[in-house]
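The values are calculated or read from the model by the stated rules, or taken from the named source; none is laboratory data. The model shown is predicted, which means the values in this text are computed figures rather than measured ones. Using ideal geometry, Cβ is built from the backbone for each residue, glycine included, and neighbour counts are taken over all protein chains shown. Only protein heavy atoms, including side chains, enter the accessible area calculation; ligands, DNA and RNA are left aside. Shrake-Rupley method; radii C 1.70, N 1.55, O 1.52, S 1.80 Å.
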Amino acid sequence: KMVMMSRMMAVAALAATALAEQASPIGKALQLLGDMQTKIMQEGEAAQKVYGEFSEWCEESSKNFMHEIKTGKAEVAELEAAIAEKEATLGSLAAKIQKLAGEIQVDEADLKSATDIRAKEQSVFEASEKELIEVVDTLQRAVGILEKELKKGGASMLQLKGATNLAQAMGVLVHAAMLSTADSNRIAALAQTSSDDGDAGAPAGAVYESHSGDIVQTLTGLLEEAEGQLEEIRSTETKDLQAFQMMEQGLQDEIKFANKDMAAAKSGLAQSSEAKATAEGDLETTSKDLQADIEAKADLHQECMSKAEDFESETKSRAEELQAIAKAKQIIIEATGGAESISYGGSSFVQTAARSRLSSKADLAGFEVVHMVRDLARKHSSQGLMLLAQRMSSAAHSQSADPFGKIKGLISDMIEKLSAEAAADATHKIYCDKQLSETNEKKTEKTTEVEKLSTKIDQMTAKSSSLKEEVAALQQALSELSSSQAQMDKLRSDENAVYKSNKADMEQGLSGVQMALKVLNEYYAKDAAHGSASGSSSGIIGLLEVVESDFSKNLAEIVSTEEAAAAAYEQETKDNAVEKTMKEKDVEHKVKESAYLDKESAALSADRSNVQAELDAILEYLSKIEAECTEVAETYADKKAQREAEITGLKAALDTLESETALVQRHAVHRRFRGSGIIAA
């Protein structure tokens, strides 16, 4: 029945709409204010949606820039490390090239000097060999001629027997045209040389008496002496040539290997220079890109913060406008009830009767509105709406002159309160979004910085440890090299001492054998009376000659072996010196680099501690702001939807009350017009 009455009242209200609008401008003003509230809230919802999408775009763009910046910084660090490594390599290779160039220059100078000396020695040898060959040839011909003439026994032999010395004998042979003057001079010069050397029994001043064979024996002795000298200079030339060839081969090998090392070093220098140039170009490009990303991120941050501040300002302004409108409606409702009746409703008996009827219908309208608010409170489990329903019920049953106005005031107050809460929640949501976004961004930035510093520290620590291990290995190698060189020095010293002792023994033995041979040869050549023993003496002399040959051969081998060992020792010593210098340079470079890395690592550790302290403060603040801003039981969207539903329901209730008021006012006006004789359409 109450529902039917309500429908009848609604139909009556619709029928009198035009008249009510003309009769009650206050109602029209309240309706316009309500429409304005609805429009402002709709604009706020649209702005909230746009800002939400913009906020998501800001967050996503910021993450992308953070990733690009992190990647760019890592690439810059890698390129800077690569450039530093190439610079160190270039310095090492340049020093090596300079050192090799100096060694090659010294070796080439030594080789040229040795080659010049060898050429002079060979020239002297060839001249001496030629002269001795001619002397040997002359003596051989002279001995042959004398032996032939002795067999003939001609006048020349009578003249030879009368010669008292070698010079006279040679003069006889020249006079007899048996020898040339040049040949005679060569023999005389050889004899003079033998006499100057202090040889016992030199034939230059010998008196040959009547022994015609003495001249032959003398020339034979000179022949043997010339052949011995020839053999000696040839042996010396062979040794000198072998020594030169060994030295030449050693120097050429050193030059060849040094040139090979230099070519490799120059190739490495070119490659390192190219790699360094490439890395520097990449570093320049990457640094520019990184700077561009940093600037773009800063611009993005500024733009997003500006938009957030604008949205916050607009939201605050919108909330203040809603509060002003709600307050204006409340004032109009509470303050204009009587004036509205006087201005638009009259003060006749009919009006009094109408007011009486309005009071009688207030119970029905109040019950309906209270029922609507109570259902709304149950639907959303709102204690505030339930309390409002109770207060509205009390107002509806009160004896107030204007119960509808009081109920309208209660509803308007609740709408204003809910609108203010919505505005406060929106402002708080903006604040939380801004603080969480900025704090998370700082957290990501500091976390990335800590990770980057930790990576650099770990890399530097690992490289420093590796360098220290390499230094220890190099120092161990240097110690072993020094020990090996000391052993080589001792062994070389021992070998040289043995060589000197053996050489002295061999030279003494060879000299003794040669002296014995000379004594025997001179003795048996001088005294023909021992001809009967010539067979035995020849055997002894032959045996001693074999011994002499063996001694000479062994002496030459000892000397050759010593020279080869000395050359090998010198080469090995030189190689060890080069290796020692290079390893010491490596140790020096690696120690400096390790110390630099330790220093930089310590500095970065201090930086990391500072950044970690900043990160800890950021995390503490983030935990606090998350506790403040994170909804546990319900999300902001759920609260916003519930509040909008509550406001919509309250507006519907308010509209119902305003409709009831308009209906009663129209009915009162209609009756007033009928009492005056005017029929309302």
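If you sort the three axes of the alpha carbon gyration tensor as a ≥ b ≥ c, you get a/c of 1.5 or more for region 481-619 and a/b above b/c, which makes it prolate. For the pair Lys585 and Lys288, a Förster radius of 41 Å applied to the C-beta separation gives a FRET efficiency near 0.60, rounded to the nearest 0.05. Here, region 246-315 is characterised by an Rg to Rh ratio of 1.69, where Rg is the alpha-carbon radius of gyration and Rh the Kirkwood radius.
Charge dipole (Cα centre; +1 on Lys/Arg Cβ, -1 on Asp/Glu Cβ; no other charges) of region 543-659 amounts to roughly 620 debye. Shown for region 435-504: the carbon plus sulfur share of the solvent-accessible area, taken with all protein chains present and a 1.4 angstrom probe, equals 52%. Taking a straight line from the alpha carbon of Lys443, these lysines sit under 16 Å away, with near neighbours fewer than eight places off in the same chain left out: Lys63, Lys70, Lys297, Lys434, Lys452, Lys624. The distance linking region 90-109 with region 32-81 is 63 Å (Cα centroid to Cα centroid, whole angstrom). With a Förster radius of 22 Å applied to the C-beta separation of Lys28 and Ala335, the computed FRET efficiency comes to 0.85.
Residues of region 55-81 with the amide nitrogen closer than 13 Å to a label point 7 Å from the Cα of Ala462, along Cα-to-Cβ, please. Once the point is set 7 Å along Cα→Cβ of Ala462, nothing inside region 55-81 turns out to lie under 13 Å by backbone N. The Kirkwood hydrodynamic radius of region 559-604, based on inverse pair distances between different Cα atoms, is 13.3 Å. Note on Lys112: lysines with a C-alpha under 28 Å away, same-chain residues under 8 apart excluded, are Lys96, Lys99, Lys120, Lys130, Lys239, Lys256, Lys260, Lys266, Lys574, Lys580. Label positions at Ser493 and Thr444, each projected 7 Å from the Cα along the C-beta direction, are separated by 7.4 nm.
Phi angles across region 612-622 convert, under the Karplus curve 6.51 cos²θ - 1.76 cosθ + 1.60 with θ = phi - 60°, into 3J(HN,Hα) values of 5, 4, 4, 5, 4, 5, 5, 5, 5, 5, 4 Hz, Gly and Pro given as x.
With 0.36 nm allotted per residue and the present C-alpha distance subtracted, the Gln249-Glu126 stretch has 42.0 nm of extension available. Evaluating 6.51 cos²θ - 1.76 cosθ + 1.60 at θ = phi - 60° for every residue in region 253-263, the Karplus couplings come out as 5, 4, 5, 4, 5, 5, 5, 5, 5, 5, 4 Hz, glycine and proline recorded as x. Summary of the geometry: region 286-304 and region 477-517, compared by the centres of their Cα atoms, lie 79 Å apart. A straight chain from Glu572 to Ala84 at 0.36 nm per residue would run longer than the Cα-Cα distance by 172.1 nm.
Extension gain, Thr648-Ser549: 0.36 nm per intervening residue step, less the Cα-Cα distance, totals 22.1 nm. Rounded to whole numbers, the Karplus 3J(HN,Hα) couplings from phi for region 228-235 are x, 5, 4, 5, 5, 5, 5, 5 Hz, using 6.51 cos²θ - 1.76 cosθ + 1.60 with θ = phi - 60°, and x at Gly and Pro.
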